[in-house]
Protein chains: 2
Amino acid sequence: MEILKVSSKSNPNSVAGAIAGSIKEQDKVELQAIGAGALNQAIKGIAIARGFLAPSGVDLVCVPAFTEVDVEGNDRTGIKLIVKGE
Amino acid sequence: MEILKVSSKSNPNSVAGAIAGSIKEQDKVELQAIGAGALNQAIKGIAIARGFLAPSGVDLVCVPAFTEVDVEGNDRTGIKLIVKGE
């Protein structure tokens, strides 16, 4: 599964475009976000991507979970969001 | 559908408990969050609630969308998360 890393500086529209592209190819994509700002952009991206995909009859849902991410040699707890087209 | 308002000061474990309680009764619950900090607590709550409900065979998914919320007479854009047990 493709992994998209989202930061607090990511543009939600760009995140949405990347999600829509991945979903069309693979039906599933994982977003990774560390920190509240990054998670905020990731969730906005999913909400916008729903609008991109709804006309094709794809209903996006997401499953949030905790994940350990290595950041410059340190383990940090982030959130992963598995996004699935139904 | 029940609406749970989550703030940046909400405890994710308490949010998770409220989600699990609502899902057992109604299969569906809406979380509302305004701002990145509140959304962060809401998503953590969903991730934790998945662990509460998984032993009963319930797989939680969430659908994020934008929503207008009235805060002291002003319209603010927040995020609503429809949480469903599958």
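The values are calculated or read from the model by the stated rules, or taken from the named source; none is laboratory data. Just so you know, these numbers come straight off a predicted model, no measurement behind them. Here Cβ is always computed from backbone atoms with ideal geometry, including for glycine, and neighbour counts include all displayed protein chains. Accessible surface areas use protein heavy atoms only, side chains included; no ligands, DNA or RNA. Shrake-Rupley method; radii C 1.70, N 1.55, O 1.52, S 1.80 Å.
If you put a point 7 Å past Cα along the Cβ direction, how far is that point for B:E72 from the same point in each other copy, in nm, smallest first?
Copy-to-copy label distances for B:E72: 3.8 nm.
Beyond 24 Å, what share of the Cα-Cα pairs of the protein assembly as shown is found? Please give it as a whole percent.
Cα-Cα pairs of the protein assembly as shown separated by over 24 Å account for 32 percent.
As a check on your grasp of the helix formula, calculate [θ] at 222 nm for chain B: sum -39500 (n - 2.57) over DSSP H runs of n ≥ 4, divide by the residue count, round to the nearest 500.
Rounded to the nearest 500, the figure is -13000 deg cm²/dmol.
Ignoring ligands, DNA and RNA, please state the percent of accessible area on chain B from carbon and sulfur, probe 1.4 Å.
Carbon and sulfur together cover 45 percent of it.
Select from B:V61, B:V29, B:V71 the residue whose mean-square fluctuation is largest in a Gaussian network model of chain B (Cα-Cα springs shorter than 10 Å).
Most flexible of the set in this elastic network: B:V71.
When the Cα atoms of chain A are enclosed in a convex hull and the volume is divided per residue, what value in Å³ results?
78
Please turn the phi angles of segment B:75-83 into ³J(HN,Hα) values with the Karplus equation 6.51 cos²θ - 1.76 cosθ + 1.60 (θ = phi - 60°), one per residue in order, whole Hz, x for glycine and proline.
Residue by residue, segment B:75-83 yields 7, 10, 8, x, 10, 10, 10, 7, 9 Hz.
Apply the Karplus parameterisation 6.51 cos²θ - 1.76 cosθ + 1.60, with θ equal to phi minus 60°, to every residue of segment B:5-22 and state each ³J(HN,Hα) to the nearest whole Hz, in sequence, with x for glycine and proline.
8, 10, 10, 5, 9, 5, 7, x, 5, 5, 4, 4, x, 5, 4, 4, x, 5
Per residue, what volume in Å³ does the Cα convex hull of segment A:1-48 take up?
Residue-normalised Cα hull volume stands at 53 Å³.
Pop the C-beta distance of B:N13 and A:S56 into the FRET formula with R0 = 41 Å and round what comes out to the nearest 0.05.
0.60
Which entries of B:K24/B:K84; A:K24/B:K80; A:K44/A:K80; A:K80/B:K5 show an alpha-carbon separation above 19 angstrom in the structure shown?
Beyond 19 Å: A:K24/B:K80; A:K80/B:K5.
5 Å is the cut-off here: which amide hydrogens, built 1.01 Å from N in the peptide plane, fall below it relative to B:S8, excluding neighbours closer than 5 in sequence?
Sorted by chain and number, the residues that satisfy this are B:A38.
Using a 1.4 Å probe on the protein heavy atoms only, what accessible surface does B:F52 show? Give it in Å² to the nearest 10.
B:F52 has an accessible surface of roughly 100 Å² with all protein chains in place.
Between B:E25 and B:V71, what length in nm is gained on full extension when 0.36 nm per residue of separation is reduced by their alpha carbon distance?
Extra length available between B:E25 and B:V71 comes to 13.7 nm.
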